[in-house]
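The values are calculated or read from the model by the stated rules, or taken from the named source; none is laboratory data. Small disclaimer: the values here were computed from a predicted structure and weren't measured. These accessible areas exclude ligands, DNA and RNA; they are computed on the full protein's heavy atoms, side chains included. Shrake-Rupley method; radii C 1.70, N 1.55, O 1.52, S 1.80 Å.
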Amino acid sequence: MNIIFFLIGCSILIALVFLGAFFWATRTGQHEDTYTPSVRILFEDEISHEKVGEETRKA
């Protein structure tokens, strides 16, 4: 019977952690822009400074 109380306590603790993570994500604005992440893969990657340096050395 003690294991039931332990599991109930663990489940409530895990639920509170996820609830806190949800409120943190909402407060930081992670749910505001739902369109850009879906099309971000279609954009080309930004050119890093290392690639630009290598290309200038080759030329």
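Annotations
- Just one of (1) small (Gly, Ala, Ser); (2) over 14 Å from the mean Cα position of the chain (by Cα); (3) modelled with pLDDT under 90; (4) open to solvent by less than 80 Å² (accessible area, probe 1.4 Å) fails for Ala59. It is (4).
- Enumeration of residues in the range 21-43 that are part of a helix (DSSP H, G or I) and more than 15 Å from the chain's Cα centre (by Cα): Val39, Ile41, Leu42
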